[in-house]
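The values are calculated or read from the model by the stated rules, or taken from the named source; none is laboratory data. No experiment lies behind these values; they were computed from the predicted model shown. Reconstructed Cβ throughout: ideal geometry from the backbone, glycine too, with neighbour counts over all protein chains shown.
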Amino acid sequence: MSPRRASVNEEMRRRSRERLLRATVELVSERGYDATTLGDIAERAGTARGLIAYYFSGKHQLLQSAVHRLMHLTLQEALDRTPRPAGPLAGHELLARAVDAILGLARSRPVLMRAHMAGLLQHDGFIQCVEQQRLAFLLRETVAGYGSADPDTDYPLLRALLMGAVVAQLLPGAPMPLARLRAELFSRYDLAWDMGIPPGDRPPDGAPPTLLLPRS
């Protein structure tokens, strides 16, 4: 039997890694970070536990890569949603979609996102991996399309604002409502409330006014 080609081996490694990332998202969402073991993740992914160490230095890196993969896939899906925006406000619509995509994860995956944010604060911040780099690329491109003259400076600011809004939604005992946080971000970037996927027909009472930009 002839040995497998390098490209076949590479594809098998990629699929194994993605199964581990998906399993991590599923299990941490269901059980929380502390109650999820590497053995649980390997079993859910259908791989040997020892394979985790081949790709990741530990559970923290595995979780961060898994969440960043979820985030960039969610963001990409939102940006690609039809109908594709066109015209002078296309960049504004894409930024609105990006904000809604990331803020929405705090509502749809609260246990997972709370564990992710806690890990970023308790450990060494962002771990450089392909998933984190893909997320950074999409955010930077979105900011550039919005019209930023300096996307390398402006995209980290957007990332920080989104992280803060996610944390604010997840604070135990004192969560901020999504609509209020969204209104603040939309006002900052002069985005019309009806862009993206608004959680209601109008901004919440008392929110900063949103500039309703013309559609034509």
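Restricting attention to segment 126-138, the residues that are surrounded by 15 or more Cβ atoms within 10 Å (Cβ to Cβ), touching a residue at least 60 places away in the same chain (Cβ under 8 Å) and either farther than 15 Å from HIS68 by Cβ or out of contact with any Lys or Arg (no Cβ under 6 Å at 6 or more places or on another chain) (or both) add up to 6. Just one of the listed residues (ARG49, ARG19) is in contact with an Asp or Glu (Cβ under 9 Å, 6 or more places away or on another chain), farther than 13 Å from MET113 by Cα and without any contact (Cβ under 8 Å) to a residue 60 or more places away in the chain, and it is ARG49. Of all residues in segment 122-141, which are under 19 Å from THR24 (Cβ atoms) and assigned to a helix (DSSP H, G or I)? Passing the criteria: GLN122, VAL130, GLU131, GLN132, GLN133, ARG134, LEU135. A search for C-beta distances below 9 Å between a residue of segment 94-111 that is under 12 Å from TYR146 (Cα atoms) and any residue that is polar (S, T, N, Q), counting only pairs 6+ apart in sequence or on different chains, returns LEU94/THR142; LEU95/THR142; ARG97/THR142; ALA98/THR142.
Scanning segment 142-157 for residues that are crowded, with 18+ Cβ neighbours inside 10 Å, among the small types (Gly, Ala, Ser) and assigned to a helix (DSSP H, G or I) yields a count of 1. Annotation: ALA78 fulfils all but one of (1) touching a helix residue (DSSP H, G or I) at 6+ places or on another chain (Cβ under 8 Å); (2) within 20 Å of ARG188 (Cα to Cα); (3) hydrophobic (A, V, I, L, M, F, W, C); the unmet one is (2).
Charged (D, E, K, R), within 23 Å of SER57 (Cα to Cα) and in contact (Cβ under 8 Å) with a residue 40 or more places away in the chain: is that true of ARG114 in this structure? Yes, satisfied. Condition check: under 19 Å from ARG188 (Cα atoms) and in contact (Cβ under 8 Å) with a residue 24 or more places away in the chain. Does GLY87 satisfy that? Judged against the criteria, GLY87 is not a match. Can you find, within segment 167-199, the residue that is surrounded by the fewest Cβ atoms within 10 Å (Cβ to Cβ) among those that are outside any loop (DSSP other than H, G, I, E, B) and among the aliphatic types (A, V, I, L, M)? Checking each candidate, the answer is ALA179. Only one of (1) surrounded by fewer than 14 Cβ atoms within 10 Å (Cβ to Cβ); (2) of a type in the set (Val, Ile, Thr); (3) in contact with a helix residue (DSSP H, G or I) (Cβ under 8 Å, 6 or more places away or on another chain) fails for VAL99. Which number is that? It is condition (1) that VAL99 fails. In summary, helices (runs of 4 or more DSSP H) completely within segment 1-85 and bearing 2 or more residues that are at negative phi and either in contact with a Leu (Cβ under 6 Å, 6 or more places away or on another chain) or modelled with pLDDT of 95 or more (or both) occur at 6-31, 38-45, 59-80.
Residue pairs whose Cβ atoms lie under 7 Å apart, separated by 6 or more positions or on different chains, with the first residue in segment 25-45 and more than 17 Å from GLY119 (Cβ to Cβ) and of a type in the set (A, V, I, L, M, F, W, C) and the second buried (at least 18 other Cβ atoms within 10 Å of the Cβ) and modelled with pLDDT of 95 or more, are ALA45/LEU20; ALA45/ALA23. Exactly one residue among GLY119, GLY104 is modelled with pLDDT under 95, part of a helix (DSSP H, G or I) and surrounded by 14 or more Cβ atoms within 10 Å (Cβ to Cβ), and that residue is GLY119.
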